[in-house]
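S.K.: Take this structure, written in structure tokens, and hold onto it; I'll ask about it next.
The values are calculated or read from the model by the stated rules, or taken from the named source; none is laboratory data. Every value quoted in this text rests on a predicted model; they were computed, and no experiment measured them. Counting neighbours? That spans all protein chains shown, and the Cβs are built from the backbone with ideal geometry, glycine included.
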Amino acid sequence: MADGDVYSGLPRDEERTFETILRPRSFEEFVGREGTVRNLKTWIAGARLRGEPLDHILFSGPPGLGKTSLAYIIASELEVNIKSTSGPALDRPRDLVGLLTNLRRGDVLFIDEIHRLDVRVEEYLYSAMEDFFISIIIDPGPHGRAIKMDLKPFTLIGATTREGLLAAPLRSRFQILERLDFYGADELAEIVLNSAQTLEIGLEQEAARLIGTRSRGTPRVANRLLRRIRDVAQAGGSDTITTDIAEEGLSRLGVDEMGLSDVDRKVLLCLARNGARPVGLKTIAAVVGEEEGTIQDVYEPFLIRRGLLERTARGRVISEKGLEAVSDYLGTEGRRQGGLL
Ligand SMILES: Nc1ncnc2c1ncn2[C@@H]1O[C@H](COP(=O)(O)OP(=O)(O)O)[C@@H](O)[C@H]1O
Ligand SMILES: [Mg+2]
């Protein structure tokens, strides 16, 4: 098991069922993000009063913070159907046309990883989003004809971990942009307490708090840790997760007091060894053994948020605080090489 996976916030196939069980189904069950929730409730109420479909919404932020959950909650509040797909899955315009023409008035189309849409598919979305029609080109060639197909007004909800990669014409067609940020320890503790109840396992308040501080600000990670620690408890014949059990589970999983994972530490160590010299993303990825995109979407945002890493025009550098965080792991040799001694 690669520790990087445990804390990455990226969904994994084998936990689908588990995620479905723990996914919040209403705004009431959705912990935190009060500002976003308040806004969404207002826009939903307005749209319902006018009997119009909700404006298109783009959710952006690192994986595991609730983008997909919110899309489903919105559809359920609107009492409409939701069709779900993703950028990479929609590789032919024909697939998108099929989805769009099957939508009923007011339905939600959810496109995950929307920054990975094929450009040809994306172009169809422009008129669909703006004026609810698509032009289908039949018989391509010099005498090609396009037929216009009207669509039922619908709501597109897009989710992206990389807002910066979205083409400007696509981005500008979303009337509502909501950025999701990392969660605080209290919110994460509340999330695991709720999850423990659903999973019918006891969880002491203190233990919940401990898991909350070690989850990289990410609900998906918090639930994943809970699941692992539940195994530790049950294997030891306990039906309640105590602080001791939580401690044991967390240390077994390699998460440290600051809530940093192995990959976080590797990134910081790589930077620390370069002292004040900025390091490029490619180098970090190679040293750490993760994809560039994963470093950028998953690890970096958290390290930046915690003030451990800084992004400069020439690359990434470690902060004073970051150095402190990994000082125990930096051997004398490493510090000397990095010009820190
Ligand atoms: N605000 C929240 N309250 C409670 N649980 C949450 C919240 N946000 C995320 N989760 C949990 O984390 C899991 C992953 O959330 P998800 O919506 O799939 O994230 P994303 O789509 O941003 O990757 C959900 O299944 C749910 O268990
Ligand atoms: Mg998602």
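S.K.: Looking at residue 42, is it loosely packed, with under 13 Cβ neighbours inside 10 Å, of a type in the set (Val, Ile, Thr) and within 16 Å of ligand 2 (Cβ to nearest atom)? Write out each step before concluding.
M.R.: Details: loosely packed, with under 13 Cβ neighbours inside 10 Å: yes; of a type in the set (Val, Ile, Thr): yes; within 16 Å of ligand 2 (Cβ to nearest atom): no.
No, not satisfied.
S.K.: Here's something else I'd like to know. Please note which helices (runs of 4 or more DSSP H) are completely contained in the stretch 4-120 and include at least 3 residues that are in contact (Cβ under 8 Å) with a residue 12 or more places away in the chain and away from ligand 1 (no atom under 12 Å from the Cβ).
M.R.: Working: elements: 16-22, 34-50, 67-78, 93-101.
Correct list: 34-50, 67-78, 93-101.
For (1) among the basic types (Lys, Arg); (2) under 25 Å from residue 11 (Cα atoms), each residue gets a yes or a no:
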| site | (1), (2) |
| --- | --- |
| 271 | no, no |
| 288 | no, yes |
| 307 | no, no |
| 310 | no, no |
| 316 | yes, no |
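S.K.: Would you please list the contacts, defined by Cβ atoms under 8 Å and residues six or more apart or on different chains, that run from a residue in the stretch 213-233 that is in a helix (DSSP H, G or I) to a residue that is more than 12 Å from ligand 1 (Cβ to nearest atom) and acidic (Asp, Glu)?
M.R.: Note: pairs meeting the criteria are 232/248; 233/239.
S.K.: Another question about this same structure. For the stretch 152-168, which positions are modelled with pLDDT of 95 or more and in a loop (DSSP other than H, G, I, E, B)?
M.R.: Pass one, the stretch 152-168, residues modelled with pLDDT of 95 or more: 152-160.
152, 153, 154 - these are the residues of the stretch 152-168 that are modelled with pLDDT of 95 or more and in a loop (DSSP other than H, G, I, E, B).
S.K.: Which condition does residue 251 not pass, out of (1) out of contact with any Lys or Arg (no Cβ under 9 Å at 6 or more places or on another chain); (2) at pLDDT 90 or above; (3) assigned to a helix (DSSP H, G or I), if it passes all the others?
M.R.: In the conditions (1) out of contact with any Lys or Arg (no Cβ under 9 Å at 6 or more places or on another chain); (2) at pLDDT 90 or above; (3) assigned to a helix (DSSP H, G or I), residue 251 misses (2) alone.
S.K.: Can you go through 79, 15, 34 and tell me which one is within 15 Å of ligand 2 (Cβ to nearest atom) and surrounded by fewer than 20 Cβ atoms within 10 Å (Cβ to Cβ)? Working first, answer last.
M.R.: Numbers: 79 fails: within 15 Å of ligand 2 (Cβ to nearest atom); 34 fails: within 15 Å of ligand 2 (Cβ to nearest atom).
Going through 79, 15, 34 in turn, just one is within 15 Å of ligand 2 (Cβ to nearest atom) and surrounded by fewer than 20 Cβ atoms within 10 Å (Cβ to Cβ): 15.
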